[in-house]
Amino acid sequence: MNMEPLKNTMNKSQTQEVVLVDEEEVQELKKSLPKATFMGSNLQLVKFEGFWCPPSLNLKNVLMFRRNFHARDTDLIIASLPKTGTTWLKALLFVIVNRFHHKIDDSPLLTHHPHELVYRLEKDIYGEAFTYPSLHHFNELPSPRLLHTHLPYASLPKSIKTSQCRILYISRNPLDTYVSQLNFYPNVIKKQMGEDFQLPCVEDFFEDCYEGRVPYGPFFDHVVGYWNQSLEKSEKVLFLKYEDLKDDAISHLKRLAKFVGMPFSSKEESDGVIQNIIDLCSINNLKQLEVNKNGVLNKFFEKNTFFRKGEVGDWTNFFTPSMVEKMNKLMEEQLWGTGLSYKLLSH
Ligand code: A3P
């Protein structure tokens, strides 16, 4: 379980095992990479290995993650684009995996934000928030370790691909994902830049989305990368959709528990354990918990901003019919032949 905060427990000789990344190397690399403005602010997205690395993530930490992470066969790694339901999946997975240690009314989820229970590799583990000595503590975490990444499949460290560890990918229809980003990132940018940041107009933001200039985007490259892996290696990669979870949480929780090797017993089913987990992890429940109301994660992320509406179809309140048509067309082109689709109901 990942409940314990990472501590500085590494001694000098152990520190030397970490392959550090030289700041000069990062600066040199950055110079050669394409850049784009982020939501009309002075902050920049940097395109690395085909994906847009957001300003809140230092490229150095991506490299640190890549060079140092050794997956265990028992690791369970959530992967996602931002704003596709990561927080929800973290909560669900944490409770499912730890259900024999913690009763629902004694769940660590009642006193910790989901992001404090499932660490993000390129940010929490290999980021500035924790010093490198904390990696020792991380390496000592008991199995199964619950971890998370926003990186596309192609950019993951080799050991994730070659080990038996499992990946749980959550995706969401692009328009709701973008609406959620539009509501989330301005707050993060303000924290980084100060209060004078002006909200981007929806037209400009939509254009960025259409061109794939969003954190960890292009959207379809990210999604298709994991989708293809889930088809090729269904025992290794589970592909989930936010909309399906909303629609039929019980079936999907069963699927999830089975995938991680901890299926619900008939007794658990008849005792209502699945429904109790769904209720504990519901947005309305998590939103009202004191621990999720105040405070900041990783300097720029207000805890409460991870819980907004949690609905399907909020995009109808933001995008015009012509934008939706344009996105639908792009989606058809990008997903053609993959077998993957997202329902976008019309206005
Ligand atoms: P909205 O902005 O559309 O409300 P992520 O966790 O990947 O950052 O995604 C955040 C989105 O998931 C937000 O969507 C948020 O409200 C929603 N969300 C957070 N917790 C949720 C939960 N327990 N159930 C359903 N949706 C949730």
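Which residues, taken from region 318-342, are farther than 18 Å from L182 by Cα and within 16 Å of the ligand (Cβ to nearest atom)? The one that is farther than 18 Å from L182 by Cα and within 16 Å of the ligand (Cβ to nearest atom): Y342. Restricting L43, L93 to residues that are aliphatic (A, V, I, L, M), closer than 30 Å to C209 by Cα and modelled with pLDDT under 95 narrows the list to L43.
Does G310 qualify as being under 30 Å from V188 (Cβ atoms), of a type outside the set (A, V, I, L, M, F, W, C) and at pLDDT below 95? No. Any residue in region 244-267 that is under 22 Å from W88 (Cα atoms), within 16 Å of the ligand (Cβ to nearest atom) and either at pLDDT below 95 or part of a strand (DSSP E or B) (or both)? For region 244-267, residues under 22 Å from W88 (Cα atoms), within 16 Å of the ligand (Cβ to nearest atom) and either at pLDDT below 95 or part of a strand (DSSP E or B) (or both): absent.
Among the residues making up region 302-312, those that are within 17 Å of K246 (Cβ to Cβ) and surrounded by 15 or more Cβ atoms within 10 Å (Cβ to Cβ) are F306, F307, R308, G310, V312. The criterion of at least 1 residues that are touching a residue at least 60 places away in the same chain (Cβ under 8 Å) and either buried (at least 21 other Cβ atoms within 10 Å of the Cβ) or within 14 Å of the ligand (Cβ to nearest atom) (or both) is met by the following strands (runs of 3 or more DSSP E) wholly inside region 27-131: 44-48, 51-53, 76-80. Within region 132-153, being small (G, A, S) and either in a strand (DSSP E or B) or at pLDDT 85 or above (or both) holds for one residue alone: S143. Of everything listed in (1) polar (S, T, N, Q); (2) within 30 Å of I160 (Cα to Cα); (3) assigned to a helix (DSSP H, G or I), the single unmet condition for S234 is (3).
Considering (1) farther than 22 Å from G217 by Cβ; (2) surrounded by 13 or more Cβ atoms within 10 Å (Cβ to Cβ); (3) within 16 Å of the ligand (Cβ to nearest atom), the lone condition that W315 does not fulfil carries the number (1).
A quick yes/no check of all residues on (1) touching a Cys at 6+ places or on another chain (Cβ under 6 Å); (2) at positive phi:
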{"site": "D75", "(1), (2)": "yes, no"}
{"site": "A79", "(1), (2)": "no, no"}
{"site": "G85", "(1), (2)": "no, yes"}
{"site": "W88", "(1), (2)": "no, no"}
{"site": "N98", "(1), (2)": "no, no"}
{"site": "H101", "(1), (2)": "no, no"}
{"site": "D106", "(1), (2)": "no, no"}
{"site": "L109", "(1), (2)": "no, no"}
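The residues in region 274-284 that are within 13 Å of the ligand (Cβ to nearest atom) and surrounded by fewer than 16 Cβ atoms within 10 Å (Cβ to Cβ) can be counted, and the count is 3.
Residue by residue through region 265-324, note down the ones that are within 19 Å of the chain's Cα centre (by Cα) and over 26 Å from S56 (Cβ atoms). Within region 265-324, S282, V312 meet the criteria. Scanning region 154-200 for residues that are part of a loop (DSSP other than H, G, I, E, B), among the polar types (S, T, N, Q) and in contact with a helix residue (DSSP H, G or I) (Cβ under 7 Å, 6 or more places away or on another chain) turns up just one, N173.
Can you spot a residue in region 168-183 that is of a type outside the set (G, A, S), within 20 Å of the chain's Cα centre (by Cα) and more than 16 Å from the ligand (Cβ to nearest atom)? No, region 168-183 contains no residue that is of a type outside the set (G, A, S), within 20 Å of the chain's Cα centre (by Cα) and more than 16 Å from the ligand (Cβ to nearest atom).
The values are calculated or read from the model by the stated rules, or taken from the named source; none is laboratory data. Because the structure is a prediction, the values reported are computed rather than measured. Heads up, the Cβs are rebuilt from the backbone with ideal geometry, glycines too, and the neighbour counts pull from every protein chain shown.
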